[in-house]
1. Could you check how many residues of the stretch 59-85 are farther than 19 Å from N47 by Cβ, in contact (Cβ under 8 Å) with a residue 12 or more places away in the chain and among the β-branched types (V, I, T)?
2. Give the residue that is farthest from ligand 2 (Cβ to nearest atom), with candidates limited to residues of the stretch 56-77 that are modelled with pLDDT of 95 or more and out of contact with any strand residue (DSSP E or B) (no Cβ under 6 Å at 6 or more places or on another chain).
3. Keeping to the stretch 78-110, report how many residues are at pLDDT below 85 and either over 22 Å from S61 (Cα atoms) or in contact with a Ser or Thr (Cβ under 8 Å, 6 or more places away or on another chain) (or both).
Amino acid sequence: MNQEDMKHCNNCGKLISINDLYNYKSKDVLWCETCANNQYNNWKAQNVIEETIEIKEKRCSICKHVKPAKEFYKDRTSRTGLQSCCKNCSNKKVMMWRKQNIKHTREYAKNWQRVKRQSTAST
Ligand SMILES: [Zn+2]
Ligand SMILES: [Zn+2]
């Protein structure tokens with residue numbers, strides 16, 4: 001057999017015909033069928049565990065209820081890909097924040113007007 005048709009598996013180093021090699025993700029990484037299958041199974045097993053345990057259901061950090069993943073907003077920065085509190089609590093939080101902010105801006109405006117009035121009264 002032509003030597004150029006044979007390649008080493010990047011994982012186990014087994015010399016194997018290029019027809020039996022897998023292109024795994026990129027063309028630079030060559031795997032034999034066994035290694036490619038093992039890698040795929042490992043990857044699948046890890047992802048299944050994450051999906052069933054971490055992402056299917058989640059306990060809300062605020063109301064402490066266990067809710068399905070669809071009751072949570074997505075958060076790419078978190079490990080589970082979901083926010084720590086449910087949509088319900090998240091909405092409440094935003095509303096509270098808005099209310100507080102409106103209060104703040106109103107108070108700020110009031111103070112500002114008072115200051116303005118005082119300054120005009122003194123002159
Ligand atoms: Zn291999
Ligand atoms: Zn909640």
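1. Result for the stretch 59-85: 1.
2. K64
3. Result for the stretch 78-110: 10.
The values are calculated or read from the model by the stated rules, or taken from the named source; none is laboratory data. All values reported here derive from a predicted model rather than from experimental measurement. Quick reminder, even Gly has a Cβ in these numbers, built from the backbone with ideal geometry, and neighbours come from all protein chains shown.
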